[in-house]
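The values are calculated or read from the model by the stated rules, or taken from the named source; none is laboratory data. Computed from a predicted structure; not experimentally measured. Virtual Cβ from ideal backbone geometry, glycine too; neighbours counted across all protein chains shown. What goes into the accessible areas is simple: the full protein's heavy atoms, side chains included, and nothing from ligands, DNA or RNA. Shrake-Rupley method; radii C 1.70, N 1.55, O 1.52, S 1.80 Å.
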Amino acid sequence: MAKLWKGRTTAKTSSLADKFNSSIKVDKRMYKEDIEGSIAHVAMLTHCNIINKSDEKKIRSALKKILTEIENGKLKISEKAEDIHMFVEEILTKRIGAVGKKLHTARSRNDQVALDIRLNLRKEIVLINYTIDRLISLIIKVADENRNTIMPGFTHLQKAQPVTFAHYILAYGMMFKRDMERLYDLYKRVNISPIGACALAGTTYKTDRVYEAKLLGMDAVCENSIDAVSDRDFIVEFSSDLAIIAMHLSRLAEETIIFTSAEFNYIELSDAVTTGSSIMPQKKNSDMAELVRGKTGRVYGNLMNILTLLKGLPLAYNKDMQEDKELVFDSIDTVKDSLEIFIEMISTMKINKDKMQKDAVYGFINATDLADYLVTKGMPFRDAYKVSGEIVRYCTLKNEKDASSNLTLETLPIEVYRKFSKLFEQDVYKFINLENCVKRRTSLGGTSPSNIDRQIEYLKK
Ligand code: ARG
């Protein structure tokens, strides 16, 4: 490919240098944005009487044709090109001759690449938010179907208190909602136009940057031309927002792995998203969840990488910046795939309500409620806590000695209760019944059914 920047130097660059310098493999995915940007640029140049209408027509229709041909596969993007900007411009001049060379008036690749990546990322933000929205809708559906599915809630991965599966899964809904909000907020900072900053200092042509930004549907222009070509904050932010999404997905992945183990067996994934072992016939592995968990490392790495890339980088454009796109694109692709695989996993999974319920019964997760019972009878909470703890200890020791005894707070005889405190009466059983424990947690955000309605409403908005 010819070098459009040859002038100051005359000798050929080495093939090794060409290969090292080329970013086409990565930035070719911005072909559409590059062409859209050029069409807006040529329109602005005409609007400002910098080029004439007949030249504009030629350039615009040639650019549109290039776009169509790339899209329908007729024109292949050559990997020999230095980058997508050079590729498009070269094809353009090849096709319409000298007129094509007028396109690059009052711009530089420095503001051009900054524009292309902003246009590309604003599109990706919308796509990712759409995918998260689908995931949240699915979470709402599962929550709705599991309002009464009681399960043990955990702290320290030890059974803690009874909650419903609806309450549990809605916690993830809240996390993903924040992820969407972060991306919406970022959109404001991405959708600002750097084009017209040129190499760094602006231009002597009487251009209209605001006009061009409007054509591109951008909300404003970067105010400082040096900042316009140096700023990659929005890439750092996007990479960081994606790292947070990956972190959320990795927690969901980890719990999926735990909950699908034979020991828990709270959920069963469909065969379509699990794998077997090549040697152990009994295995049904949650590989997809493990991969989502594993790929989180890659997304964190990309964030560290971009931060390090920009550290101490002098203004304005430096070729280091060419590396930024590969990183953020990789995070985008990884997070999108991870979201999609989770949508498939959740929409096809089976929830073992009985096993959750059974686990909730054997585990003394109503011990807090037992203490609360004594409090309703007048005992101070600290004392009640102690009595409840002694009763749990009593049952555990009995169960250890005799495996068949299976003592729970629900089955402990009232005479035994009364040995620990005379405040215990027959109504204790109703009080510590798991369903009642759940229903009583009406404090805002708690696990009671009324709260679940409220949380679903909140997410639907
Ligand atoms: N391929 C380059 C990049 O991605 C485009 C900008 C090149 N500008 C320059 N002055 N060499 O950053």
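Remarks
- More than 24 Å apart - percent of Cα-Cα pairs taken over segment 314-461: 57 percent
- Helix-only [θ]222 nm of the chain, DSSP H runs n ≥ 4, -39500 (n - 2.57) each, per residue, nearest 500: -20000 deg cm²/dmol
- Computed extension gain for M304 through K57, at 0.36 nm per residue and net of the alpha carbon distance, reaches 84.4 nm.
- For segment 119-195, the alpha-carbon coordinates run over 57, 27, 13 Å along the three principal axes, in decreasing order.
- Counting only the Cα atoms, segment 286-326 fills a convex hull of 52 Å³ per residue.
- The calculated FRET efficiency for F381 paired with V416, based on their beta-carbon distance and R0 = 22 Å, is about 0.50.
- If you take all other residues with their beta carbon under 13 Å from the beta carbon of L409, and give Lys and Arg +1 and Asp and Glu -1, the sum is 0.
- Here the alpha carbons of the chain define both size measures, Rg and Dmax, at 31.0, 101 Å.
- Each residue, Y429 and C48, gets one label point 7 Å from its Cα in the Cβ direction; the gap between the two is 8.5 nm.
- For segment 131-278, convex hull volume per residue from C-alpha positions, Å³: 185 Å³
- Accessible area per residue for segment 75-145, computed on protein heavy atoms with a 1.4 Å probe, is 37 Å².
- In segment 40-83, the ratio of gyration radius to Kirkwood radius, Rg to Rh, stands at 1.12 when only Cα atoms are counted.
- Cut-off 15 Å between beta-carbons: net charge of the residues surrounding N72, Lys and Arg +1, Asp and Glu -1: +3
- In nm, spacing of pseudo-spin labels at I258 and D402 (7 Å Cα→C-beta vector): 3.4 nm
- Computed from point charges on the beta carbon alone (+1 for Lys and Arg, -1 for Asp and Glu), the dipole magnitude for segment 119-189 about its Cα centre is near 200 Debye.
- The accessible surface of the chain, taken with every protein chain in place and a 1.4 Å probe, is 54 percent carbon and sulfur.
- Pairwise FRET efficiency - K283 versus L75, Cβ, R0 = 51 Å, nearest 0.05: 0.60
- A dipole drawn for segment 332-461 from +1 and -1 charges on Cβ atoms has a positive end, and of L397, A360, Y429 the residue lying farthest that way is Y429.
- Across segment 277-377, Cα-Cα pairs farther apart than 23 Å form 61% of the total.
- Working ranking of peptides 68-76, 7-15, 95-103 by packing, defined as the average number of other Cβ atoms within 10 Å per residue, highest first, is 95-103, 68-76, 7-15.
- Simple point charges give the picture: +1 on the Cβ of Lys and Arg, -1 on the Cβ of Asp and Glu, and for segment 202-245 a dipole about the Cα centre of about 240 debye.
- Relative to the current alpha-carbon distance between Y362 and L444, full extension at 0.36 nm per residue lengthens the span by 26.8 nm.
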